[in-house]
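Working notes for the structure below.
Readers should treat all values here as calculations from the given coordinates under stated rules, not as data from a laboratory. Bear in mind that the values here come from a model prediction, so they are computed numbers and not experimental data. Cβ: placed from backbone, ideal geometry, glycine included. Neighbour counts: every protein chain shown.
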Number of protein chains: 2
Amino acid sequence: MGDKIIRVNMSSLTTAIEPVPEHWQGLGGRALTSVIVTEEVPPQCDPLGKNNKLVFAPGLLTGTAVVNSGRLSAGFKSPLTGGIKESNAGGSAGQKLVKLGIKALIIEGLPLKDTWYNVHIQKDGAVITEDTEYVGKGNYELFKAIGEKRSSQWGVLAIGPAGEFRMTSANISVKDPDGNIRSHGRGGGGAVMGTKRIKYITIDDAGGPGVTLADPEKFKQQARMFAKGLLDHPITGHGLPTMGTNAMANIVNEAGAFPTKNFRYGQWEEVDKICGETMQEVIVSRSGNPSHGCQKGCIIKCSQIYTDPKGEYVTSGFEYETIQLLGANALLKDLDIIAKCDWVMDDIGIDSIEGSVAISTAMEAGILDWGDGEETYRLLEEEVRIGTPLGRILGNGAGSVGKAYGITRVPTVKNQAIPAYDPRTIRGFGITYAVSTMGADHTAGYAIATNILKIGGFVEPLEDDGQVELSRNLQIATAALDSTGLCLMVAFPVLDVPECFTAIYELINARYGLSLTAEDVTALGKMVLKAEHAFNQKAGLTNAHDRLPEFFDEPLPPHNIGWNYPGDKIDEFWNF
Amino acid sequence: MGDKIIRVNMSSLTTAIEPVPEHWQGLGGRALTSVIVTEEVPPQCDPLGKNNKLVFAPGLLTGTAVVNSGRLSAGFKSPLTGGIKESNAGGSAGQKLVKLGIKALIIEGLPLKDTWYNVHIQKDGAVITEDTEYVGKGNYELFKAIGEKRSSQWGVLAIGPAGEFRMTSANISVKDPDGNIRSHGRGGGGAVMGTKRIKYITIDDAGGPGVTLADPEKFKQQARMFAKGLLDHPITGHGLPTMGTNAMANIVNEAGAFPTKNFRYGQWEEVDKICGETMQEVIVSRSGNPSHGCQKGCIIKCSQIYTDPKGEYVTSGFEYETIQLLGANALLKDLDIIAKCDWVMDDIGIDSIEGSVAISTAMEAGILDWGDGEETYRLLEEEVRIGTPLGRILGNGAGSVGKAYGITRVPTVKNQAIPAYDPRTIRGFGITYAVSTMGADHTAGYAIATNILKIGGFVEPLEDDGQVELSRNLQIATAALDSTGLCLMVAFPVLDVPECFTAIYELINARYGLSLTAEDVTALGKMVLKAEHAFNQKAGLTNAHDRLPEFFDEPLPPHNIGWNYPGDKIDEFWNF
């Protein structure tokens, strides 16, 4: 068990190793970051000011041998939404923190000096070093340099130029074992790290205490069963490993929930140009890798190495949401240019959902033409990367573009961009987007699972009935899952296969010598959501913020249904 | 009494004349706009969307012969603050609406067509005409053209390019009898008018029913006494007529509340370069006019005609706040360049408080150097006027600049810029800025009157004690005064001279045949504040928004006091 907290104070440039308070000991991942933020960050503070903190916490199972368990959570008050934020990512940083026995890393304060720092974490604690060598550099160059000059084995957490500029779409990038990029994507954690003037954090787990298990035999048995459940399930065993998350493209298009031309239509006749099947063919034909894991122990391998026609690396972690939102929603018909845009967003360090919707919103505002991939790339590379005024507008996300240009067709909730599933046609998502403590976030309660894929039951996607309950159940389960360190992708077998669900708490029991039950998992999820919601309310978010933008009252072809879910029904979400 | 409502529907391009509902009959000005907005605008609507309305209502005494009574209120949901807004202005539009018997003008809906309109109001009602002739033109050119091509006698309400761009600092400009510009300055009413695609509203009062008085003799007697009170008072009778509102410069500097270099200091050694005494000398030496009224019946004449060294017109309505905020707060030391900036802000149609603080915030962000007047002018003229990306950032106000550049030293409350009085040293203003339903607004509860000028009593400006009560009393009185059509400047004698206070309700009684008492005036003010506050709460504003920015905890020289007023004490404001 992680037995220490590393506290880094950027005001005094000091670090400390602290014991884990008793009431934090049973927590990990999102539960721990959200509890720490709730306890230590004043809800009304300026997210870019001295009172915000940036908290990293590996999940309860992170660092163990169970498959797909290496997630790391980042928590902070979001400069994008004004509320609490938890964003978890793969890559190797989380596993290395666990190997060092670190339960959480808490970064607080703001340096007085106008310079930049590296925070290096190793077995004896953390060391802050002034380091301006990589200022202005992109993540790929930074990761490569650290791998070459320091160690390719270290975990790295870094910000690109967007984080340096404190753009609210700035993410925190995580090095994967091959030097590629994963992201704590949403909510502007990179901007918070930028205010603290930390360009990158390195983690050397050499000599760390490693992971001990209270009941190794039980752990092994449960882990084996869990892995089998993943491999046997059609989505985690077949769909995701072959097409990545872009396996969703044809499914969502078929459902009529495929946001097209800034959420004007629910289907796109050009879907073949960008769908998962096409992508897989392209990757295979170019000798790329369609199935690549972002961290040690991943057997789903929903990432990939996307190459250009010459077989040169273009990008990895090329997600459905990015492809869909730049594809159908911005009308880019060329997967290669979308891949280049994905690369540049990773390199600059911006959330590729927020960045993609900022682009479609810019098209709505007349800044560039619909479908103009070259100009999209140029805006990212030549405006956002450099921080020109237009780059700042774009880099601060879709809401920023909408505000700057005075337009109202802006798909955001709590100022965070709505992802690649139209809430009118998969109405469980409408509730998730509206009420999530995170702002519009598909991962907070992935309603398509039940609304369309019929996983964990079925709720008719086009009807209002049952969506609040569905979203509530999913959000509670997700909040718990986000606390375990397990990748959200495991939710498919977990919702479908009873032994995969029980395995989650039995693994935690075997790891820590506990005796948790299914009820404890639900109780954890509820506690997390309620703590986050309470923080948001103190921060000034109300049920007026739990609403979709006005324009969603427009009927969406082909089902021609608008969003007119009554506010008081939405608010029932919180009755638990 | 205004006996009709003009309703203009920009969706259907139709207009209607409606009777005044009974419960609106006793209301005028701010009371009426706020009640109409509260009743007809959904609090959660998008301020730039189809459900917002733009309401104009003359005050209860507007159009009568009593001095300084011609104010017109504009009400709407603010795209700047997200809350309700009332902004009142001089000029002649209000008086002309009253002469036509119009109690309120309500503009609703959004046109479908991508074009622009003129709304012309005359004795038979309103007519909407497509009119793109002046699109992109500044207010001065527009007002001149209307005066020459149509009639110099008409009232005009217009937006400049900023309103066309739906910038949230866009104001609604009002023609004064000489063709100069007054403004419904704050809160982005120009952006709302821009969404409705109305470039300008013209008002021809020829043939209107005019104003009738229930008790002409009483009215005349009260009006005479009221005028004498104004002329006899040192501020309205001497200070304002000679130096305009810039009479405040030396007083506020002396008090140590003169925001300097983005609220870093409370005094400025260069105050002599921009103060009212200097300004008056300059104007007189250049044969300008130091004492000019913005409307018929004004005897305070706090406006002026500021000329260049050759005696050519530069600007008018040159207010202390603009001069102070571009002067000390942005370190511009040249009154002539400040005057040019004031002109260009009026011409583009942006609130000169919001615009000036956007400039000092841009200096804070490193966009231009402190004190660079030429670049300030260029940014306004070449970026804001044209709507470049940087122009959009600036034109959306100080909060927008802060967000775009990720900085935290941004003096706003509810996203509206704090005016030219530091809240740390005149602490009644701290409460007014924090709790006002309007966002940071000195006119909502002009605490310097009592904190420094000892008008209406005295509350020690540097102590916390008594400020909530002071601000509450002032805000209640102001909400009532803003409903009468009387200029806020009359508050000085009204607070000091009992007969000037009683005259206000006696004038209303004589005008309408009522029997209001002092208690009714207070009750009206309370009703207005509570209605506005309820709207804001439904719109999603909470007591978390009733706070000053974090950086005000810094001690302000020379008194070296920071703002650390406890939140729960601030919230006591609403206990009435």
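Can you classify segment A:3-51 as rounded, prolate or oblate using the Cα gyration tensor, where a ≥ b ≥ c are the square roots of its eigenvalues, rounded means a/c under 1.5, and otherwise it's prolate if a/b beats b/c and oblate if not?
Numbers: a/c = 2.72, a/b = 1.21, b/c = 2.25.
In terms of gyration-tensor shape, oblate.
Which whole-number percentage describes the relative contact order of chain B, with Cα contacts under 8 Å and a sequence gap of 6 or more? Show your work: numbers first, answer last.
Numbers: 1452 pairs, mean separation 92.9, N = 576.
Reported as a whole number, the value is 16 percent.
What GluC sites (Glu not before Pro) in segment A:265-336 are in a loop by DSSP, with at most 11 other Cβ atoms within 10 Å of the Cβ?
Working: sites: A:GLU269, A:GLU270, A:GLU277, A:GLU281, A:GLU312, A:GLU319, A:GLU321; in loops: A:GLU269, A:GLU270, A:GLU312, A:GLU319.
Here the sparse-neighbourhood loop sites are A:GLU269, A:GLU312.
So what's segment B:347-442 giving for Cα Rg divided by 2.2 N^0.38 Å, two decimals?
Working: Rg = 13.4 Å, N = 96, 2.2 N^0.38 = 12.5 Å.
Cα Rg divided by the expected 2.2 N^0.38 Å: 1.07.
How large is the helix-only mean residue ellipticity at 222 nm for chain B, computed as the sum of -39500 (n - 2.57) over DSSP H runs with n ≥ 4, divided by its residue count, in deg cm²/dmol to the nearest 500? Write down the numbers at each step before the final one.
Values: 22 runs with 210 residues, N = 576.
-10500 deg cm²/dmol, from helical runs alone.
According to the Cα gyration tensor, what semi-axes, each the square root of 5 times an eigenvalue, does the equivalent ellipsoid of segment B:342-395 have, listed from largest to smallest in whole Å?
Working: eigenvalues 48, 27, 21 Å².
The three semi-axes for segment B:342-395 are 15, 12, 10 Å.
For chain B, max minus min Cα coordinate along each principal axis, in Å, sorted largest first?
On the principal axes, chain B reaches 58, 51, 51 Å in Cα extent.
How much FRET efficiency would the formula 1/(1 + (r/R0)^6) give for B:ALA518 and B:ASN51, where r is the Cβ-Cβ distance and R0 is 45 Å, rounded to 0.05? Don't skip to the answer; put the middle values down first.
On the way: r = 38 Å, r/R0 = 0.85.
Here the calculated transfer efficiency is 0.75.
Within segment B:427-464, report the chymotrypsin sites (Phe, Trp or Tyr not before Pro) that DSSP leaves as loop and that have at most 15 other Cβ atoms within 10 Å.
B:PHE458
What lysines does B:LYS310 reach when the alpha-carbon gap must be under 19 Å and sequence neighbours fewer than 8 apart in one chain are set aside?
Within the straight-line cut-off, B:LYS310 pairs with B:LYS340.
Once both labels are modelled 7 Å past Cα along the beta-carbon direction, what's the B:SER152-B:ASP553 spacing in nm?
Each label point lies 7 Å from its Cα, and together they span 5.9 nm.
Determine the shape class of segment A:530-576: with a ≥ b ≥ c the square roots of the Cα gyration tensor eigenvalues, call it rounded for a/c under 1.5, and otherwise prolate if a/b is greater than b/c, oblate otherwise.
Working: a/c = 3.40, a/b = 2.33, b/c = 1.46.
Prolate, since a/c reaches 1.5 and a/b exceeds b/c.
In vacuum, with every alpha carbon of segment A:4-203 counted as one equal point scatterer, what does the Debye formula give for log10 I(q)/I(0) at q = 0.08, 0.10, 0.14, 0.16 Å⁻¹? Two decimals, please.
Relative scattering, expressed as log10 I(q)/I(0), comes to -0.21, -0.34, -0.70, -0.95.
So which helices of chain B fit the span-like rule, where a helix is a whole DSSP H run, its Cα atoms reach 27 Å or more along the axis, and its mean Kyte-Doolittle is at least -1.0? List each step's numbers first, then the result.
On the way: long enough: B:518-539 (32 Å, -0.17).
Taking the DSSP H segments of chain B (at least 27 Å long, mean hydropathy at least -1.0), we get B:518-539.
At a temperature of 37 °C and a viscosity of 0.692 mPa s, determine how fast the protein assembly as shown diffuses translationally according to Stokes-Einstein, using the Kirkwood radius over alpha-carbon pairs as Rh; express D in µm²/s, rounded to the nearest whole number.
Values: Rh = 30.8 Å.
Roughly 107 µm²/s, to the nearest whole number.
What's the whole-number percent of alpha carbon pairs in segment B:12-125 lying beyond 17 angstrom? Could the numbers behind the result be given before it?
Details: 3637 of 6441 pairs.
Of all Cα-Cα distances in segment B:12-125, 56 percent exceed 17 Å.
Express in % the proportion of alpha carbon pairs of segment A:178-303 at distances exceeding 21 Å. Intermediate results must be reported in sequence, preceding the final value.
Numbers: 5006 of 7875 pairs.
The share of Cα pairs beyond 21 Å in segment A:178-303 comes to 64 percent.
What nm distance separates the two modelled labels at B:PHE458 and B:MET225, each placed 7 Å from Cα along Cα→Cβ?
The modelled label-to-label distance comes out at 2.9 nm.
Per residue, what volume in Å³ does the Cα convex hull of segment A:163-213 take up? Mind dumping the intermediate values first?
Values: hull volume 6.2 nm³, N = 51.
Per residue, the Cα convex hull of segment A:163-213 comes to 122 Å³.
Over the Cα atoms of segment A:128-210, each weighted equally, I'd like the Debye log10 I(q)/I(0) at q = 0.26 Å⁻¹, rounded to two decimals.
Each listed q maps to, in turn, -1.28.
In segment A:4-203, what % of DSSP beta bridges are antiparallel (nearest 5)?
Numbers: 36 of 47 bridges.
Restricted to segment A:4-203, the bridges split so that about 75 percent are antiparallel.
Eigenvalues of the Cα gyration tensor times 5, then square-rooted: what semi-axes does that give for segment A:237-315, in whole angstrom, largest first?
Sorted largest first and rounded, they come to 25, 16, 10 Å.
Take the eigenvalues of the Cα gyration tensor for segment B:461-571, scale each by 5, and report the square roots as semi-axes in whole Å, largest first. It would help to have the intermediate numbers written out before the result.
Working: eigenvalues 212, 74, 22 Å².
Semi-axes, largest first: 33, 19, 11 Å.
From the cross-link list B:LYS199/B:LYS403; A:LYS526/A:LYS569; B:LYS220/B:LYS454, which pairs have alpha carbons spaced over 23 Å apart?
Values: B:LYS199/B:LYS403 29 Å; A:LYS526/A:LYS569 19 Å; B:LYS220/B:LYS454 30 Å.
Too far apart for the 23 Å limit: B:LYS199/B:LYS403; B:LYS220/B:LYS454.
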